[in-house]
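Here the structure is laid out as structure tokens; the discussion comes afterwards.
The values are calculated or read from the model by the stated rules, or taken from the named source; none is laboratory data. Since the model is a prediction, treat every value here as computed from it, not as a measurement. Note that each Cβ is placed from the backbone with ideal geometry, even for glycine, and that neighbours are counted across all protein chains shown. Surface accessibility is based on the protein's heavy atoms, side chains included, excluding ligands, DNA and RNA. Shrake-Rupley method; radii C 1.70, N 1.55, O 1.52, S 1.80 Å.
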Amino acid sequence: MTIDLALIDAIVTDKGVDPTRAIPVLQAVQDKFRHVPLQAIERIAATTEMTESQLYGVVTFYSQFRLTPVGEKIVKVCHGTACHVGGAEGLTESLESRLGIKDGENTPDMKYTLDSVACVGCCSLAPVVMVEDKVFGKLDRKKAAKIIDEYDSSGGSR
Amino acid sequence: MTQVKKRVVVGMSTCNMAAGADEVFDFLKEKVAGGLDVKLSITGCLGMCYAEPQVQVFDEDGTRHLYVGVNANRIAKIVDDHIIAGKPRDKWIVKYDEGDTQKLMAKQERIVLANSGIIDPDEIDDYLAVDGYAALRTVLEENDRMQVIQTVTDSGLRGRGGAGFPTGLKWKFAYGYENDKKYIVCNADEGDPGAFMDRTILESDPHAVLEGMIIGAFATGADEAYVYCRAEYPLAIKRLNRAIEQATEKKLLGDNILGKGFNFHVHVKEGAGTFVCGEETALLASIEGRRGMPRPRPPFPAESGLFGKPTTINNVETWANVPWIIRKGAEAFAAIGTEKSKGSKVFALAGKIKHGGLVEVPMGITLEEIIHEVGGGTGTNREVKSVQLGGPSGGCVPRSLFDTKIDYDEVNKTGAIMGSGGMVVMDDTTCMVDVARYFLNFTQIESCGKCTFCRVGTTRMLEILTRICDGKGVPEDIETLEDLADQIKNTSLCGLGQTAPNPVLTTLRYFRDEYEEHINDKKCRAGKCRELCIYEITDDCNGCMVCAKNCPTNCISGEKKQLHVIKQDDCIRCGVCRDVCKQDAVIVK
Ligand SMILES: Cc1cc2nc3c(=O)[nH]c(=O)nc-3n(C[C@H](O)[C@H](O)[C@H](O)COP(=O)(O)O)c2cc1C
Ligand code: FES
């Protein structure tokens, strides 16, 4: 896949060129492409004061950044303490079997990515799952799988 | 003359919205658009996350009715019966002086959470109406920087981010370093997985945090600030940005604040999902656009912090305490709490607890009071076994030590730490070895890798704990764990490594018998470690079939009203049957 470099240039113009801007620039890139393509890193390095090694170092250090494409919806199972104690493992298992993929993988149709995160700050509703920016609380295995049914039947918009 | 209307206020925090508050709000918005004559607004979180979504209805005479657990059905009835026909639906209303809610509220002391769930966080006028920015006005009026620092020092306020360093002293250091540029940083990284105080404060009362920061900037001589907030908190970031905009419009931020010639600018920086970035030097590196690796101190940030300039870094809750202290005076704050821990502390109650949510209690209250009175215990017929304090840096305090007072030094004596305020309550279905393994897995992933013992030592500890949970532990493992713990604590640069062994050490100290059972008897009494337990159904089964319907592998058989049986070969020991059984007929062997 090749990307439109003009989009990268626009982000750099907006967010800034000096090395302190690395994280905001990369966050904007990820917002746009849903991951950080290597080509983007090359382009940023070529047009700013940041280097490829700095950018790659930052991308691989922070868990937020991904170097590979993800599905349309990222389904994040919270594995924070409260959710762990509340049975998060069961939610991941249930979603794995509902989606037919393992934790960290994309569905073949690229509709979903299953991921784990450490606490989304809704611990009182544990265990929780976050789909994009929406949080679903007080889940069990069945309810977790049902979230996917609902997204599927509503054509992805809920 | 303007007619006084009923007011309807919907709790719109992340927790409320996860429980369905946005649908309730949309419903009301449509009604208002359709002619319903009420003033509709939003607010943050009241702390009663266990009974969300919440809607407050204020009658024309100002009487407040707090509705809890409001879903789409209920709101329609509330509109018809209460708002239109004037007959409150008492069944869904809770009162602060009755029953469970009375117990929840009676022992609380709300300083930081005073406005939470009361004011509209998106409207600066709401904050101004409750004395907001009055402290800032006073400070600028009096124009005595050292006096501000003295007041904060005298109040006895200590950092709420975990370490409990005296805030006034920290400010004094920053004040003392002459420089043409100084920074303020607000630590909103909230890394403890199981804590949500800072998120809620930012979502519910962002101006209090800003006001605290402006006062701190004036006192220490800073003119620029960063709030470093977790990316997992999109709503907190949105509300904070809005608060900054509104404060700037009102000349409470920006250049020439309130015409007093003092300039201060605040930026919000989104974190990128790494626990170690909560550590102050790593956080500064991250703001500078680098990998978030901690560095040795000294120099402390007060001397050489962000971009090498003197920097005062405090936690969200610490900042939010400042306006109150200035308004009410150091003595009022110091009058609350114990000798060395003053004021109140916000705790996030989660896990096996009835009243999951946020509470703010005076220092000096006991764990027992927080968990069993304020928190309401487990809310099931199971007993509380332990509470985890301080997250990955903290430890598990057993029930037998629940007379421990909330006080930095008292909590330290148990081997746990006060931490930032996360409290995860555990009952007898929680395996303490598994909890230790869980935290080691967390710190092992989050270790930045700089120190060998933190990087490799945590990996070795995790391997051993995993082995024990898998039933392959050997008796020497316990000693090896203690040995490694000691070495990691002593050779790590930052707090992450220095405290990473705490969850293991505290569980070894208080729940050693569980480790020994796992190793010697190959048994997990909590029914959590799958290789070490068998689930069985006893004669108490009344054949209600609920377990069979919920079993993910369909391995439970039995006719209606007949004893059910688990087919062991297909059982994955997930524990669902035990969770759903109303007869307590599922046991672990
Ligand atoms: C590994 C690690 C993680 C930390 N995470 C946080 C955090 O998420 N939030 C926080 O306020 N402080 C955190 N701290 C403490 C900060 O380093 C620092 O002490 C604090 O921000 C100072 O503010 P305070 O004095 O107001 O507490 C962490 C420390 C360590 C060692
Ligand atoms: S532990 Fe899952 S939301 Fe905090």
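Can you work out which of the residues in the stretch A:89-105 that are within 11 Å of chain B (Cβ to nearest Cβ) and hydroxyl-bearing (Ser, Thr, Tyr) is surrounded by the fewest Cβ atoms within 10 Å (Cβ to Cβ)? If we take residues in the stretch A:89-105 being within 11 Å of chain B (Cβ to nearest Cβ) and hydroxyl-bearing (Ser, Thr, Tyr), then A:Ser97 is surrounded by the fewest Cβ atoms within 10 Å (Cβ to Cβ). Looking across the stretch A:106-133, just one residue is without any contact (Cβ under 8 Å) to a residue 12 or more places away in the chain and surrounded by 15 or more Cβ atoms within 10 Å (Cβ to Cβ), and that is A:Gly121.
A:Val12 satisfies every condition listed in (1) of a type in the set (A, V, I, L, M); (2) within 11 Å of chain B (Cβ to nearest Cβ); (3) assigned to a helix (DSSP H, G or I) except (2).
Taken together, B:Thr312, B:Thr338, B:Thr318, B:Thr366 contain a single residue that is within 25 Å of the chain's Cα centre (by Cα), more than 16 Å from ligand 1 (Cβ to nearest atom) and more than 30 Å from B:Arg382 (Cα to Cα), which is B:Thr338.
Just to be sure, is A:Ser154 more than 16 Å from ligand 2 (Cβ to nearest atom), under 26 Å from B:Asp434 (Cα atoms) and of a type in the set (S, T, N, Q)? When the stated conditions are applied, A:Ser154 does not pass them. On inspection, B:Gly162 qualifies as of a type outside the set (Phe, Trp, Tyr), within 21 Å of B:Pro362 (Cβ to Cβ) and within 7 Å of ligand 1 (Cβ to nearest atom). Filtering the stretch B:425-435 for residues that are away from chain A (no Cβ under 12 Å) and open to solvent by less than 10 Å² (accessible area, probe 1.4 Å) leaves a non-empty set. Would you confirm whether any residue within the stretch B:229-237 is surrounded by fewer than 24 Cβ atoms within 10 Å (Cβ to Cβ), in contact with a helix residue (DSSP H, G or I) (Cβ under 6 Å, 6 or more places away or on another chain) and within 14 Å of chain A (Cβ to nearest Cβ)? Yes, the stretch B:229-237 contains at least one residue that is surrounded by fewer than 24 Cβ atoms within 10 Å (Cβ to Cβ), in contact with a helix residue (DSSP H, G or I) (Cβ under 6 Å, 6 or more places away or on another chain) and within 14 Å of chain A (Cβ to nearest Cβ). For B:Val94, the test of being in contact (Cβ under 8 Å) with a residue 12 or more places away in the chain and either away from chain A (no Cβ under 14 Å) or within 22 Å of the chain's Cα centre (by Cα) (or both) is passed. Output yes when any residue across the stretch B:102-119 is crowded, with 19+ Cβ neighbours inside 10 Å and small (Gly, Ala, Ser), and no when none is. Checking the stretch B:102-119: at least one residue is crowded, with 19+ Cβ neighbours inside 10 Å and small (Gly, Ala, Ser). The residues of the stretch B:1-42 that are of a type in the set (Val, Ile, Thr) and free of Cβ contacts under 8 Å to residues at least 40 places away in the same chain, listed by number, are B:Thr2, B:Val32.
How many residues does the stretch B:468-514 hold that are within 16 Å of ligand 1 (Cβ to nearest atom) and over 28 Å from the mean Cα position of the chain (by Cα)? Total satisfying the criteria: 2. Do you know which residues across the stretch A:111-127 are more than 10 Å from chain B (Cβ to nearest Cβ) and either within 13 Å of the chain's Cα centre (by Cα) or more than 16 Å from B:Lys352 (Cα to Cα) (or both)? Once the filter is applied, which keeps residues that are more than 10 Å from chain B (Cβ to nearest Cβ) and either within 13 Å of the chain's Cα centre (by Cα) or more than 16 Å from B:Lys352 (Cα to Cα) (or both), the stretch A:111-127 yields A:Lys111, A:Tyr112, A:Thr113, A:Leu114, A:Asp115, A:Ser116.
Filtering the stretch A:134-149 to residues that are open to solvent by 10 Å² or more (accessible area, probe 1.4 Å), more than 7 Å from chain B (Cβ to nearest Cβ) and under 21 Å from B:Pro193 (Cα atoms) leaves A:Lys134, A:Lys138, A:Leu139, A:Asp140.
If the condition is being within 14 Å of another protein chain (Cβ to nearest Cβ), in a loop (DSSP other than H, G, I, E, B) and touching a strand residue (DSSP E or B) at 6+ places or on another chain (Cβ under 7 Å), then the stretch B:1-29 contributes only B:Met12. Given the residues B:Leu210, B:Leu157, which is the only one that is in contact with a Ser or Thr (Cβ under 9 Å, 6 or more places away or on another chain) and away from chain A (no Cβ under 14 Å)? Exactly one residue qualifies, and that residue is B:Leu157. Checking the structure you have, find out if any residue of the stretch B:192-199 is open to solvent by less than 20 Å² (accessible area, probe 1.4 Å), on the phi < 0 side of the Ramachandran plot and either more than 13 Å from ligand 1 (Cβ to nearest atom) or hydroxyl-bearing (Ser, Thr, Tyr) (or both). No, the stretch B:192-199 contains no residue that is open to solvent by less than 20 Å² (accessible area, probe 1.4 Å), on the phi < 0 side of the Ramachandran plot and either more than 13 Å from ligand 1 (Cβ to nearest atom) or hydroxyl-bearing (Ser, Thr, Tyr) (or both).
Scanning the stretch A:110-133 for residues that are among the polar types (S, T, N, Q), within 11 Å of ligand 2 (Cβ to nearest atom) and over 16 Å from B:Gly356 (Cα atoms) gives a single hit, A:Ser116. One residue is enough: does the stretch B:241-248 have a residue meeting the conditions assigned by TED's automatic domain parsing to the domain that holds B:Met197, surrounded by 23 or more Cβ atoms within 10 Å (Cβ to Cβ), closer than 25 Å to A:Cys119 by Cβ and away from ligand 2 (no atom under 16 Å from the Cβ)? The answer is yes, given that some residue of the stretch B:241-248 is assigned by TED's automatic domain parsing to the domain that holds B:Met197, surrounded by 23 or more Cβ atoms within 10 Å (Cβ to Cβ), closer than 25 Å to A:Cys119 by Cβ and away from ligand 2 (no atom under 16 Å from the Cβ). When you scan the stretch B:395-406, do you find a residue that is part of a loop (DSSP other than H, G, I, E, B), in contact (Cβ under 8 Å) with a residue 60 or more places away in the chain, touching a helix residue (DSSP H, G or I) at 6+ places or on another chain (Cβ under 6 Å) and within 20 Å of B:Leu462 (Cβ to Cβ), even just one? No, the stretch B:395-406 contains no residue that is part of a loop (DSSP other than H, G, I, E, B), in contact (Cβ under 8 Å) with a residue 60 or more places away in the chain, touching a helix residue (DSSP H, G or I) at 6+ places or on another chain (Cβ under 6 Å) and within 20 Å of B:Leu462 (Cβ to Cβ).
For A:Phe136, the criteria (1) within 16 Å of ligand 2 (Cβ to nearest atom); (2) touching a residue at least 12 places away in the same chain (Cβ under 8 Å) hold in every case but one, which is (2).
Being assigned to a loop (DSSP other than H, G, I, E, B) and among the aliphatic types (A, V, I, L, M) holds for only one residue in B:Ala208, B:Ala225, B:Ala219, B:Ala195, and it is B:Ala195.
Listed by position, the strands (runs of 3 or more DSSP E) inside the stretch B:30-71 whose residues that are surrounded by fewer than 17 Cβ atoms within 10 Å (Cβ to Cβ) and in the same structural domain as B:Met17 (by TED's automatic domain parsing) number at least 1 are B:38-43, B:64-67. Being hydroxyl-bearing (Ser, Thr, Tyr) and outside any helix (DSSP H, G or I) is the filter; apply it to the stretch A:40-88 and report the residue that is surrounded by the most Cβ atoms within 10 Å (Cβ to Cβ). By that ranking, first place goes to A:Tyr62. Here is a check on your reading of the model: is B:Gly164 away from ligand 2 (no atom under 16 Å from the Cβ), away from every other protein chain (no Cβ under 14 Å), touching a residue at least 24 places away in the same chain (Cβ under 8 Å) and surrounded by fewer than 24 Cβ atoms within 10 Å (Cβ to Cβ)? Criteria met by B:Gly164. Please state which of the following conditions B:Leu202 fails to meet, knowing it meets all the rest: (1) open to solvent by 10 Å² or more (accessible area, probe 1.4 Å); (2) assigned to a helix (DSSP H, G or I); (3) within 22 Å of B:Trp324 (Cα to Cα). Going through the list (1) open to solvent by 10 Å² or more (accessible area, probe 1.4 Å); (2) assigned to a helix (DSSP H, G or I); (3) within 22 Å of B:Trp324 (Cα to Cα), B:Leu202 breaks only (1).
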